[in-house]
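Report on the structure given below.
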2 protein chains.
Amino acid sequence: MEVTRQNFKDSLKTVYSAIEEADFLAIDGEFSGISDGPNVSALTNGLDTPEERYTKLKKHSMDFLLFQFGICTFKYDQAKSKYIIKPFNFYVFPKPFNRTSPDLKFICQSSSIDFLASQGFDFNKVFCHGIPVIGKVEGLFTSSEKTLDLEPCTGFQRKLIYQTLNWKFPKGLHVETVETEKKERFIQVCKVDDEERKRREQQKLEREQEEVNDAVGFSRVIHAISKSGKLVVGHNMLLDVMHTIQQFYLPLPEDLPDFKEVTMCVFPRLLDTKLMASTQPFKELITNTSLAELEKRVKEGPFKSPLVETAEGFHSYDTGQEQLHEAGYDAYITGLCFVSMANYLGSFLTPPKPHISARSKLIDPFFNKLFLMRIIDIPYLNITGPDLTPKRDHVLYVTFPKEWKTSDLYQLFSAFGNIQVSWIDDTSAFVSLSQTDQVQIAMNTSRYAESYRIQTYAEYIKGRQV
Amino acid sequence: MEVTRQNFKDSLKTVYSAIEEADFLAIDGEFSGISDGPNVSALTNGLDTPEERYTKLKKHSMDFLLFQFGICTFKYDQAKSKYIIKPFNFYVFPKPFNRTSPDLKFICQSSSIDFLASQGFDFNKVFCHGIPVIGKVEGLFTSSEKTLDLEPCTGFQRKLIYQTLNWKFPKGLHVETVETEKKERFIQVCKVDDEERKRREQQKLEREQEEVNDAVGFSRVIHAISKSGKLVVGHNMLLDVMHTIQQFYLPLPEDLPDFKEVTMCVFPRLLDTKLMASTQPFKELITNTSLAELEKRVKEGPFKSPLVETAEGFHSYDTGQEQLHEAGYDAYITGLCFVSMANYLGSFLTPPKPHISARSKLIDPFFNKLFLMRIIDIPYLNITGPDLTPKRDHVLYVTFPKEWKTSDLYQLFSAFGNIQVSWIDDTSAFVSLSQTDQVQIAMNTSRYAESYRIQTYAEYIKGRQV
Ligand SMILES: Nc1nc2c(ncn2[C@@H]2O[C@H](COP(=O)(O)OP(=O)(O)O)[C@@H](O)[C@H]2O)c(=O)[nH]1
Ligand SMILES: Nc1nc2c(ncn2[C@@H]2O[C@H](COP(=O)(O)OP(=O)(O)O)[C@@H](O)[C@H]2O)c(=O)[nH]1
């Protein structure tokens, strides 16, 4: 279903009930660009820490716009032994909805735009008929509703939201924590009563009310997903999650632990099919984990294509055909990949089970781990806990003149057998030695070198923290 | 005529002949945004020098995209006593035309996009079918043509182009000045012969050749305008000129004098209708010089609407009707305003002349002066010479705590009668006194002040140059 400003209100019930009845849902976003840096590979280093990677993505990718949001809901029909799916394509655009709303600027990358154009993407649906969006919390303050209840959260999440609200809305705002009958604590945000200003603004506000309801509209879809607690599946979904939070919720927190907390507020249960496909027992079976290749791979043995039926009234996709690269379709095939891989896990049970539900314990190990692209030794970002801290004591940080090439590094370390080079910039790189005990020898050899300098990874990290 | 990638080649002849036969032409650009700063007014100060203004516009406005270029050619038909017009709307987009071409990033401002959307702008024509563009000079280096002859230029212009070429293409490039039979000197740029690389690349290049020809295509339209030497009319056209040069020609020069030189290379004769309408004898007659208002104003006495006929095969605009805000239409009404104002000048002749041609001496005083928005005492940028340097010896530069408001400044200078405040930032402003001899008194009074500080404008400028 294509959803634009024109049919957004009428579609909301359909969206809500699709989410409510689903066993799980898959999401995908289309962006106006991917990386605002000189180039992606120069920005992502193979030995980034998760903190560094988060900071880089936040700095270089968040100025792009998420302008198409795809959701495909999957509901298992026991009687028919097949999934009933409902795919949605939301076109979203941050239309300034009145004169006081911020005039958002976003970056477009001509390669991304051109790619979408070549796939027949309809830009008018975004720019002319996109569903207006303003962050959920911001929405409140231009509406005449006096209070907004946020979802129940942990104490730390509440602290975070307090901070953000205070920073964005220093005045005229009352934030307090309220307890539900079920003893859940949630945050209530109230506008401070200011009788005089209120009277003057009342009329204006009423006129704007309807527009604002539309405007916070798309955030409501995200809210419905959060509230449902349903499993949300995506492919290589870290950027999708970051953009969703940033654009429809709250500005991204400064630090990684805070980002994890907010993510759990917005998406309580996530599964990344790229990470799943890169992990045992799939790793051995799947050589190329890009979405298009993965989708082809899981159609062949030992995987089985699940039976799927498109719900009445929804556009039916055919994976056999060349398809538009649209978010709803990508969400759909992401869901298919998930089902095929999950069902494969059922073949190890005694007796084997052909269908594994989204609630099965078998998929628990894949929850809330988001694939980290091009990091050598940390496969995923762990949203619900501390990240892996692989030993990097075989890694050297080397600085040198900018004329050096990879071959110079190979030559320098030629005595040490196999090495792996991860460029940082023109004049520095990480060099991973194959044996840790070589590190001390390399350090000793370098002591009197003038053209280059070597530090251990530990020294390098220490130096950065100062 | 709507021109996209699909009909660009077939339209080129029509475009060239329209330019060739025209008495003058009007241009207008539509951008993806206007100002990348916190807000326009904070960026433009009423006492900016022309240099400062150029630097600010270059820094904060050039990351937007010019994606629709309007040209309307005007040819006077003596027999019919009317102008025959040919309006063109070019949709242009910097599609990366192969894997080595730069992946351009551009900024969109949601207010600008939304404004165009509300006027029915067709974004698919830009993003899906936009005429690809690469700078004229850059185009060469991906094409297999070996040389490119630039237009005859002055020595200084040649120096400029040399510098730019050396900076952008440090290697593999030979630049020399060649003389024509008519003793005009022009620059010839050659790729250095590198036999080995050439052979390897030959095949690939040939395949790309056609694409490149398309790609440099839109720059050819600009080139045709330059070569024609025709009068080019625009409304408040400084940004249009800057974007045109930047996007279709060469990166904008660092300094204002160099920008002026390049501008004269690209557009040898310019006229800005906003500047014309703000100057004697029009100033007294025209209170609002915005394009839409000006267009209405010159339909009434003492102005006369010129007779205009749209050439066969071109879309005919009706100024009586609410119109799409498209570049071709805006160019058209800009041309109409110019004709009405020029003809009004004819009424002062004895005997009065109802039609004044684009070649008339009467309009010479308006040539090559581009309107400067919101500068109090410098109405225009003088492209063909030094700028006006108004006396600013009644101006004070005042710094103060950021809590100060305009009223604090009025109070501080309450003894001096009328003052004019031009905010620079939170903690500084220019204050213009009504009498120059008050400056010394103000300076004396401030000597022992602790919360604020006053400098004369001359001291301020001197301080900045250090
Ligand atoms: N001095 C030097 N720097 C390099 C070399 N290769 C890569 N780099 C630097 O490392 C950065 C990342 O390189 P890489 O990961 O290979 O990605 P790339 O930028 O796509 O080539 C580059 O942007 C350069 O600054 C080299 O051979 N010599
Ligand atoms: N301290 C102080 N700064 C001001 C005041 N008014 C304007 N400014 C500063 O001057 C800049 C330009 O202001 P102005 O030209 O009025 O444009 P504006 O930004 O659209 O209000 C603002 O961005 C502020 O930094 C004021 O009353 N007090």
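The values are calculated or read from the model by the stated rules, or taken from the named source; none is laboratory data. Computed from a predicted model, the values in this text were never measured in an experiment. Quick reminder, even Gly has a Cβ in these numbers, built from the backbone with ideal geometry, and neighbours come from all protein chains shown. All accessible areas refer to the heavy atoms of the entire protein, side chains included, with ligands and DNA or RNA removed. Shrake-Rupley method; radii C 1.70, N 1.55, O 1.52, S 1.80 Å.
From A:LEU412, A:LEU433, A:LEU370, grab the single residue that is hydrophobic (A, V, I, L, M, F, W, C) and open to solvent by 40 Å² or more (accessible area, probe 1.4 Å). Talk me through it step by step, then tell me what you get.
Values: A:LEU433 fails: open to solvent by 40 Å² or more (accessible area, probe 1.4 Å); A:LEU370 fails: open to solvent by 40 Å² or more (accessible area, probe 1.4 Å).
Among A:LEU412, A:LEU433, A:LEU370, only A:LEU412 is hydrophobic (A, V, I, L, M, F, W, C) and open to solvent by 40 Å² or more (accessible area, probe 1.4 Å).
Test B:GLN455 against the stated conditions and say whether it is open to solvent by 60 Å² or more (accessible area, probe 1.4 Å) and not hydrophobic (A, V, I, L, M, F, W, C).
Numbers: open to solvent by 60 Å² or more (accessible area, probe 1.4 Å): no; not hydrophobic (A, V, I, L, M, F, W, C): yes.
Here the answer is no, as B:GLN455 does not meet what is asked.
Which of the residues that make up the range B:53-79 are closer than 25 Å to B:LYS105 by Cα and either acidic (Asp, Glu) or touching a strand residue (DSSP E or B) at 6+ places or on another chain (Cβ under 7 Å) (or both)?
Step one: filter the range B:53-79 for residues closer than 25 Å to B:LYS105 by Cα, giving B:53-70.
The answer is B:ASP63, B:PHE64, B:LEU65, B:LEU66, B:PHE67, B:GLN68, B:PHE69, B:GLY70.
If only one of B:LYS82, B:LYS56 is at pLDDT below 95 and away from chain A (no Cβ under 14 Å), which one is it?
Numbers: B:LYS82 fails: at pLDDT below 95.
Just one listed residue meets the conditions, B:LYS56.
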Is there a residue being in contact (Cβ under 8 Å) with a residue 40 or more places away in the chain, farther than 21 Å from A:MET237 by Cβ and not in a loop (DSSP other than H, G, I, E, B) anywhere in the range A:309-329? yes
Residue in the range A:273-284 that is open to solvent by 10 Å² or more (accessible area, probe 1.4 Å) and under 16 Å from the mean Cα position of the chain (by Cα) present: yes
One residue is enough: does the range B:357-364 have a residue meeting the conditions surrounded by fewer than 18 Cβ atoms within 10 Å (Cβ to Cβ), of a type in the set (Lys, Arg) and in contact (Cβ under 8 Å) with a residue 60 or more places away in the chain? yes
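Name the single residue, out of those in the range A:1-51 being assigned to a loop (DSSP other than H, G, I, E, B) and at pLDDT 95 or above, that is most open to solvent (accessible area, probe 1.4 Å). Working first, answer last.
If we filter the range A:1-51 for residues that are assigned to a loop (DSSP other than H, G, I, E, B), which is where we start, we get A:1, A:4-7, A:22-23, A:32-39, A:44-49.
If we keep only those that are at pLDDT 95 or above too, we end up with A:22-23.
Numbers: A:ALA22: 5, A:ASP23: 28 Å².
By that ranking, first place goes to A:ASP23.
Given the residues B:ASP393, B:ASP377, B:ASP425, which is the only one that is charged (D, E, K, R) and closer than 27 Å to B:LEU270 by Cβ? So that I can check it myself, show each step before the final result.
Details: B:ASP393 fails: closer than 27 Å to B:LEU270 by Cβ; B:ASP425 fails: closer than 27 Å to B:LEU270 by Cβ.
Criteria check complete, one pass: B:ASP377.
Report the residue count in the range B:452-466 for those that are over 13 Å from B:VAL395 (Cα atoms) and part of a helix (DSSP H, G or I). Explain how you work it out, then say what you get.
Within the range B:452-466, the first condition is being over 13 Å from B:VAL395 (Cα atoms), and the residues that meet it are B:452-453, B:462-466.
Retained after the next criterion (residues that are part of a helix (DSSP H, G or I)): B:462-465.
Selection size over the range B:452-466: 4.
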For A:PRO379, all conditions in the list (1) touching a residue at least 60 places away in the same chain (Cβ under 8 Å); (2) more than 17 Å from the chain's Cα centre (by Cα); (3) surrounded by 14 or more Cβ atoms within 10 Å (Cβ to Cβ) hold save one; what is the number of the exception? (2)
